[in-house]
Amino acid sequence: MATSARIVAPTAPQPHTHTIILRHGRGSNGSVFCDELFESEDSSDRFIVDIFPTVKWVFPSAMESYTMSDGEFQWFDMSSVQRPQENNEIQKSGLWHSVAQILLVVEEEANVVGSQNVILVGISQGCATGIFALLASGIRVGGFVGLNGWLPLADEVQGITKVPGRVQDVLKMPVLLQHCKDDDIVPVENGDDLKKRLEEMNMCVKWECFDDGGHWLNEPEGMDGLVDFIQMVMIAT
């Protein structure tokens, strides 16, 4: 594995069919994200790890990178998650470093199950890093899920996708975005901006916005949406 990660192997006796790579938010790590997600239930009181027994779950952790002001683990430095387009220059070095990390993990898992059977999920800064990595590299996976996120270096990455002759297959990738209106960390407007920018690239985006849930997914409706999306990707592949 290219970086430290919490890995949960498939639980079924059947072969490993899919890999879901999940990137945590700023100030968290892979193990914490894993524990929190696996404690969340859908409307039928089911845990997601039990719903998908042939899935391998990979929860990478960010390298030890700290903000000058907050002293938090993060995927890249930035001055404000509320205003993510400010001070773009300080974001670039860490962002591109994290892109290289995630693409290596994607490549490793794609070599096992095929890229169409890899799903990338990210929350908050993990969402931002994940969608940027796929758009900037042009690499397509089976699907992308973004929770309470945004698009970093938005104008720059939109320009990259318009380069003549560039492979556009990534723009055909299905996307699920969720955001909670009472998120007091990343404003819902940032998630709505991400949705609009992806739609401007002609991507197929499913947008689910919930009244409550804070800086997390709404339970149980948000978990229902996540389960439905994963099932849709698995059926399609």
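Structure above, values below:
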{"read-out": "Top-ranked residue in region 166-197 [being of a type in the set (A, V, I, L, M, F, W, C) and touching a strand residue (DSSP E or B) at 6+ places or on another chain (Cβ under 7 Å); ranked as farthest from residue 25 (Cα to Cα)]", "value": "173"}
{"read-out": "Tally of residues being part of a helix (DSSP H, G or I) and either farther than 13 Å from residue 95 by Cβ or of a type in the set (Phe, Trp, Tyr) (or both) across region 135-159", "value": "3"}
{"read-out": "Members of region 1-46 found to be closer than 26 Å to residue 114 by Cβ and part of a strand (DSSP E or B), listed by number", "value": "5, 6, 7, 8, 18, 19, 20, 21, 22, 23"}
{"read-out": "Region 110-134, subset assigned to a helix (DSSP H, G or I) and of a type in the set (Val, Ile, Thr), residue surrounded by the fewest Cβ atoms within 10 Å (Cβ to Cβ)", "value": "112"}
{"read-out": "Out of 213, 191, sole residue that is free of Cβ contacts under 8 Å to residues at least 40 places away in the same chain, surrounded by 15 or more Cβ atoms within 10 Å (Cβ to Cβ) and of a type in the set (Gly, Ala, Ser)", "value": "213"}
{"read-out": "Inter-residue pairs, beta-carbon under 9 Å, first within 14 Å of residue 119 (Cα to Cα) and touching a residue at least 12 places away in the same chain (Cβ under 8 Å) and in region 170-182, second of a type in the set (D, E, K, R) and part of a strand (DSSP E or B), 6+ apart", "value": "174/206; 175/206; 176/206; 176/208; 177/206; 177/208"}
{"read-out": "Matching residues in region 223-237 - criterion: being over 15 Å from the mean Cα position of the chain (by Cα) and closer than 23 Å to residue 187 by Cα", "value": "224"}
{"read-out": "Residue match in region 153-167 (condition: under 15 Å from the mean Cα position of the chain (by Cα) and either free of Cβ contacts under 8 Å to residues at least 12 places away in the same chain or crowded, with 18+ Cβ neighbours inside 10 Å (or both))", "value": "no"}
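Computed from the coordinates by the stated procedures, all read-outs in this text should not be read as laboratory data. Just so it is clear, the structure is predicted and the values come from calculations on it, not from any experiment. Virtual Cβ from ideal backbone geometry, glycine too; neighbours counted across all protein chains shown.
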